[in-house]
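The values are calculated or read from the model by the stated rules, or taken from the named source; none is laboratory data. Predicted, not measured: the structure shown is a model, and the values here were computed from it. Cβ placement follows ideal geometry from the backbone for every residue including glycine, while neighbour counts extend to all protein chains displayed.
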There are 2 protein chains.
Amino acid sequence: MLKKVAIFGVGLIGGSFALALTRAGRVDQIAGFGRSPEVLVRAQALGIIDTISASAEEAVRDADLVLIAAPVAQTGAILRAIAPHLQPGTVVTDAGSTKADVVAAARAALGDKIGQFIPGHPIAGREQNGPEAAIADLYSGKKVVLTTLPENSADDIDRVASAWQACGAQIHRLSAEDHDRVFAAVSHLPHLLSYALVDDIARKPHAELLFQYAASGFRDFTRIAGSSPEMWRDISLANQPALLGELDAYLDQLQGLRRMLVERDGAGLEAVYANAQQARHNWISAIEAAELQVKQGGD
Amino acid sequence: MLKKVAIFGVGLIGGSFALALTRAGRVDQIAGFGRSPEVLVRAQALGIIDTISASAEEAVRDADLVLIAAPVAQTGAILRAIAPHLQPGTVVTDAGSTKADVVAAARAALGDKIGQFIPGHPIAGREQNGPEAAIADLYSGKKVVLTTLPENSADDIDRVASAWQACGAQIHRLSAEDHDRVFAAVSHLPHLLSYALVDDIARKPHAELLFQYAASGFRDFTRIAGSSPEMWRDISLANQPALLGELDAYLDQLQGLRRMLVERDGAGLEAVYANAQQARHNWISAIEAAELQVKQGGD
């Protein structure tokens, strides 16, 4: 049982964590803190948080667990505000989409209290944002990746892992570097590619004609280009080294396909397309099998 | 009223055209022809076609309208088989995703009968294929682009347009060259990019780890990489000049984004992302407004 949980950033991610912990009966009091008093008042009215803290110091005082769920570019400033007030019994975690940069910021901000920080990344989201979008089910059956540090104690890791598990999530462990490489490939690069295509088309002189004939395939491909530009600017910069590596590999791949087009190499094109189709089919089958297992386990 | 319609290729596209025309009460007899006798028998059992033709000659004999809905690489061979038997009263159209190559093949195959060929492209599809996937509603509210030729008569164009309108489709007109440029940008390039990403990831040594963390954004972005590799090989080659042009523009765009990443130009990245998000938002709003109008018009 957690006596007090403090949440910095009570939007979709932090708010859903609060609702899920409350529903699981795992917490006595949830304190919220953030830049916007108005958002905090709405979160309190929605029953997401019990109290609004007047300062970072007040938020973390006597907290068992602190979740930083603000935009990732604010993580460093929040950690610096917390650092002087961090008591020995408090564990801090975060929900940022990138991890190497967060670990570096945490080391700089927390100094010899770094062992109290357990970096995390819940793989869940919705298209809406803000406290009104928060739902207790957001993490149900979803993955949470912890990129723990050598300085973390097993008990502290367990406190964070148990809280996420109480929200219905499955805990995975990766190094911060592996985490960032993985998400550069399967999330950050696709976002960049999708934004790039829509911007490319929108800037053409005949953009209006082009959009007129765009259909469902284009809609799916570009769905992630509807995401927050500020958030993805921050993620792109925060994970710049890994994202550049993935982008360069992808540019090589496109140059290879370009050569096949120029040479009218139908067999080469078909081999790439068929390998992709088969790999995607296998991936979807594996997801569906896992979902079925979760469902049957829950019956 | 059409006395006889002949359909070459009785799968999703040809079969749905047949079902919609029949439902609209616009045709006396539908004859089917294709490479696979087994598929023709299934289509007849499903009530899609009335008769199975023994040859291309028999299929087109006394037909008012011929639809070629076979894979696009077969269009030339079908037109050559039809050409010697094409009577003056018969109009031929097709459903291919590329048009300049089809027009060239038609000119070569039909010679001075070219005026009887009205090139077309219905913008509709489903994930399934074959006659079992055919539905009478496939073209309802969808666009059909006709890329008519100077040799076409107004009456012949009207016969093709009326048939598609009876299926519920809206007729649009573009030149073959404009058509191919438009679809290279909004359809063919996104397919190539999506295949390229999945193949790139699938070939990495840690592909299994990567797929394990791929989530809903990746699923949407790569949905079109589940499409038929043979079909998209053919489209890529058939529309090679326009596709290369779009690919090169996109490669320039990615090089620009790469420079912004290298220089950590957050404002530049955000400007591209924000322009894309806004353009996509405007596009979706326009689609939804048009859908609402169609719905209200139908009440």
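When the stretch B:97-124 is examined, which residues are found to be in a loop (DSSP other than H, G, I, E, B) and in contact with a Ser or Thr (Cβ under 6 Å, 6 or more places away or on another chain)? Passing the criteria: B:Lys99, B:Pro119. Every condition in (1) touching a residue at least 40 places away in the same chain (Cβ under 8 Å); (2) surrounded by fewer than 24 Cβ atoms within 10 Å (Cβ to Cβ) holds for B:Ala196 except the one numbered (1).
Residues that are surrounded by fewer than 24 Cβ atoms within 10 Å (Cβ to Cβ), more than 13 Å from the chain's Cα centre (by Cα) and among the hydrophobic types (A, V, I, L, M, F, W, C) within the stretch B:178-192 are absent altogether.
Determine whether the stretch B:107-129 contains at least one residue that is touching a Lys or Arg at 6+ places or on another chain (Cβ under 6 Å), under 30 Å from A:His281 (Cβ atoms), surrounded by 15 or more Cβ atoms within 10 Å (Cβ to Cβ) and outside the structural domain of B:Pro229 (by TED's automatic domain parsing). There is at least one residue in the stretch B:107-129 that is touching a Lys or Arg at 6+ places or on another chain (Cβ under 6 Å), under 30 Å from A:His281 (Cβ atoms), surrounded by 15 or more Cβ atoms within 10 Å (Cβ to Cβ) and outside the structural domain of B:Pro229 (by TED's automatic domain parsing).
For (1) among the polar types (S, T, N, Q); (2) assigned by TED's automatic domain parsing to the domain that holds B:Ile201; (3) within 30 Å of A:Gly125 (Cβ to Cβ), each residue gets a yes or a no:
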{"position": "B:Ala215", "(1), (2), (3)": "no, yes, yes"}
{"position": "B:Phe218", "(1), (2), (3)": "no, yes, yes"}
{"position": "B:Thr222", "(1), (2), (3)": "yes, yes, yes"}
{"position": "B:Pro229", "(1), (2), (3)": "no, yes, no"}
{"position": "B:Leu243", "(1), (2), (3)": "no, yes, no"}
{"position": "B:Asn275", "(1), (2), (3)": "yes, no, yes"}
{"position": "B:Asn282", "(1), (2), (3)": "yes, no, yes"}
{"position": "B:Glu288", "(1), (2), (3)": "no, no, yes"}
{"position": "B:Leu292", "(1), (2), (3)": "no, no, yes"}
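Name the single residue that is surrounded by the most Cβ atoms within 10 Å (Cβ to Cβ) among those in the stretch B:142-177 being aliphatic (A, V, I, L, M) and assigned to a loop (DSSP other than H, G, I, E, B). Taking the candidates together, the pick is B:Ala169. Taking the stretch A:22-38 as the range and being touching a residue at least 60 places away in the same chain (Cβ under 8 Å) and out of contact with any helix residue (DSSP H, G or I) (no Cβ under 6 Å at 6 or more places or on another chain) as the test, the residues that pass are A:Thr22, A:Arg23.
In the condition set (1) buried (at least 17 other Cβ atoms within 10 Å of the Cβ); (2) under 22 Å from A:Ala133 (Cβ atoms), A:Val92 is compliant with all but (2).
Residues in the stretch B:193-218 that are closer than 18 Å to A:Leu251 by Cβ and more than 7 Å from every other protein chain (Cβ to nearest Cβ) were compared, and the one that is nearest to the chain's Cα centre (by Cα) is B:Arg203.
Is at least one residue of the stretch B:48-64 outside the structural domain of B:Leu237 (by TED's automatic domain parsing) and modelled with pLDDT under 95? No: zero hits.
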